[in-house]
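Since every read-out is calculated from the coordinates, none of them should be taken as a lab result. Remember, it's a predicted structure, so these values are computed and weren't measured experimentally. Heads up, the Cβs are rebuilt from the backbone with ideal geometry, glycines too, and the neighbour counts pull from every protein chain shown.
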């Protein structure tokens, strides 16, 4: 067999792997009723003997928002009326981002028994994790609804831009779930590393502070990808339209992570059941 024939076989194998990876994504999406029900079940099971249920997360988050807003509004010299909405929406959105990233690191490990016992698309577990994160995010948005009558959020048609911002975050979360989930299945040091990184990212991202407070160091903010993922949702919820550059950066992040995830999944998809 000649060199050109061997190269042709290698190219055909790569194309086949890519088609199988894409088909896995499609098949997982078609089984939406399954991961939809599993996501509900996960949230229900986590709080099944609690009277308040998942709203305990909402209550604890509300207390944290109130404490941080009261403290840092004084430290930064800002009025509580303008600062509290900024902190509230920032913590709610960044909490969802943190949940998606951290749970991505255990998405395959936590479903190892199911993966080994059933023959199903691996992407189902990513969709399930994302749906579960959206449900928790929806519960936490009750804080936003409670604050609406008391603060000026300047709501309007621009608020609807939060929906495409949320969708882009979920698309990126899907790709991150594929990459980090696979790496965590192979290397068990990844989950604690991811957890530590997200804890640091919370303080380095303008969640409870504003970029204007870092005079002369704005580049530190603009080089942080979490800043764009956060504000593409937060700004519309505060009644402001995200600038075009912010949309372009988020779309670029989604495209780049999608390419990496597709290549990674096509190459290592068959090995994940052995790794878990």
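Calculate the spin-label point distance for residue 241 paired with residue 14, positioning each point 7 Å from the Cα along the beta-carbon direction, and give it in nanometres.
Going by the 7 Å Cα→Cβ label model, 4.2 nm.
For the range 32-275, what relative contact order do you get, as a whole percent, if you take Cα pairs closer than 8 Å and at least 6 residues apart?
Values: 258 pairs, mean separation 69.3, N = 244.
28 percent.
Across every pair of different alpha-carbon atoms, what Kirkwood hydrodynamic radius in Å does the chain reach?
20.4 Å
Taking R0 as 30 Å, what FRET efficiency do you get between residue 60 and residue 23 from their Cβ-Cβ distance, rounded to the nearest 0.05?
Calculated value: 0.15.
Take each of the peptides 236-246, 154-164, average the number of other beta-carbon atoms within 10 Å over its residues, and list them starting from the highest.
236-246, 154-164
Using a 10 Å cut-off around each Cβ, can you sort 33, 81 from fewest to most neighbouring Cβ atoms?
Ascending Cβ contact count within 10 Å gives the list 33, 81.
Extending each Cα 7 Å along its Cβ direction at residue 36 and residue 218, get the distance between those two points in nm, one decimal.
Result for the modelled spin labels: 4.5 nm.
Can you tell me which of 138-150, 103-115 comes out highest on packing, and rank the rest after it, using the mean Cβ neighbours within 10 Å?
103-115, 138-150
Label points 7 Å out from Cα along the Cβ direction at residue 199 and residue 118: separation in nm?
3.4 nm
Can you tell me the Rg and Dmax of the range 236-276, counting just the alpha carbons, in angstroms?
Just the Cα atoms of the range 236-276 yield Rg and Dmax of 16.6, 48 Å.
Show me the ranking of peptides 248-255, 172-179 by mean Cβ neighbours inside 10 Å, starting with the highest.
Sorting 248-255, 172-179 by mean packing, highest first, produces 172-179, 248-255.
Kirkwood Rh over alpha-carbon pairs of the range 134-236, then Stokes-Einstein at 37 °C and 0.692 mPa s: what D in µm² s⁻¹, rounded to an integer?
205 µm²/s
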